[in-house]
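To start, the structure under review is shown below, and the notes come after it.
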Amino acid sequence: MSPSQQNSATVQLAAKLAIHSPSAETELVTDWCQDLGYRVSLKRDDVLHPIISGNKWRKLKYSLLYAQEHNIGHIISFGGGFSNHLHALAYCCHQLNIKFTAVVRGDYRANPSPMLRDLLTWQSHIEYVNKQTYQLRNDPVYLTELQQRFPSALIIPEGGSNTLALQGVAEIVHELSQQYDYIIAPVASGGTLAGLIQASQHLPLKILGIAVLKGEGYLEALITELMTQSYPHWAVCHDYHFGGYAKSPPELLQFCRDFYQQTHIAIEPVYSGKLFYALRDLCRKQFFPAGSRILLLHTGGMQGARKNTSD
Ligand SMILES: *Cc1c(COP(=O)(O)O)cnc(C)c1O
């Protein structure tokens, strides 16, 4: 496909899925950033779509386009029982008439989460696997076997973080209407941060990732592996994971509630809560030089915070 054909195909795909693109870029007004002379803006990818969680649209866009171009009728991917990635991808596949198989960590058959109930509504096929099998999700031998079982399927890694994801995430940087000194985003599987880093390589910008899980060294390696070369203008901060993935102590939950009251912007404890908490703390500690212009990427993810109605 020529670039202009690809462009029209991406526009059509976004229209078919009713993506509200480009996402808004707004100022964040809170006492804890203005008082210190920081100018903080938000990129509201959380409102790109009511179901397709913000950064997952960015990461999946070019994989979905690839599937359409190559008439791929089946997609397989991986995630936990509350995964925003599986949720977004299952919905997209349902809308695009692509069969979807979700390989889910743990057996939720007796008590499916709200996310898994949605997948069933969208006719996804769910394969529950134990922890040991799930650990093989990036193992070449396991993936070859899976591909042999489903020869015509496209296998997308956990979180949607493949090299095609970087191209979609880069569009966040291309859409920005002003200059910034920092972009800050949460990090789990690394695709979002890698895309931001690569897209800003020629800009006077620093990319700061907030680790949402315990992964010092591991997260940096994930990010580095996704990129085609190494870059100096980024770092991952490991001070705000609150004990691990999806760990949400009362202080963090309270912060999320207070933040909503103050700003009317919804955040959840798994990703955006940790991101905004980190911002407040880093501002208070004057981590950034005075007058810094900071952009926070609100990646969405509110569906993951839904409680199990049967709990
Ligand atoms: C998946 C997800 C992330 C993490 O992005 P990675 O590219 O996996 O690092 C951040 N925020 C939300 C809301 C997510 O769903």
Go ahead and estimate [θ] at 222 nm for the chain from helices alone: -39,500 (n - 2.57) per DSSP H run with n ≥ 4, summed, over the residue count, rounded to 500. -12000 deg cm²/dmol
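Quick check for you: with a 1.4 Å probe and neighbouring chains kept, what is the accessible area per residue of the chain, in Å²? Please report the intermediate quantities before stating the final value.
Working: 14310 Å² over 311 residues.
Spelled out: the 1.4 Å probe surface of the chain, per residue, equals 46 Å².
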If the only charges are +1 at each Lys and Arg Cβ and -1 at each Asp and Glu Cβ, what is the size of the charge dipole of the chain around the Cα centre, to the nearest 20 debye? 380 debye
State the Cα centre-to-centre distance between the range 239-311 and the range 99-139 in whole Å. 27 Å
When the charge dipole of the range 1-60 is computed with +1 at the Cβ of Lys and Arg and -1 at the Cβ of Asp and Glu, the Cα pointing farthest to the positive end, of W32, V11, P22, is that of V11
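Using Cα-Cα distances under 8 Å and only pairs 6 or more residues apart, what relative contact order does the chain have, in percent? Write down the numbers at each step before the final one.
On the way: 565 pairs, mean separation 69.3, N = 311.
It rounds to 22 percent for the chain.
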Inter-label distance, nm, simple model (7 Å from Cα along the C-beta direction), Q123/T263: 4.0 nm
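Under a 1.4 angstrom probe, counting protein chains only, how are K206, K214 ranked by accessible area, largest first?
On the way: K206 110, K214 140 Å².
In descending accessible area the options line up as K214, K206.
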Amide H neighbours of L42 under 5 Å, at least 5 residues apart or on other chains, H built in the peptide plane: list them. T26, E27, L28, L296
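Sum up the lysine pairs in the chain that clear both bars: alpha-carbon distance under 14 Å and a spacing of 8 or more or different chains. List each step's numbers first, then the result.
Working: K16/K61; K214/K247; K214/K274; K247/K274.
Lysine pairs satisfying the spacing and distance rule in the chain number 4.
The values are calculated or read from the model by the stated rules, or taken from the named source; none is laboratory data. Keep in mind that what you see is a predicted model, and the values were worked out from it rather than measured. Every residue, glycine as well, gets a Cβ built from its backbone with ideal geometry; the counts of neighbours run over all protein chains shown. These accessible areas exclude ligands, DNA and RNA; they are computed on the full protein's heavy atoms, side chains included. Shrake-Rupley method; radii C 1.70, N 1.55, O 1.52, S 1.80 Å.
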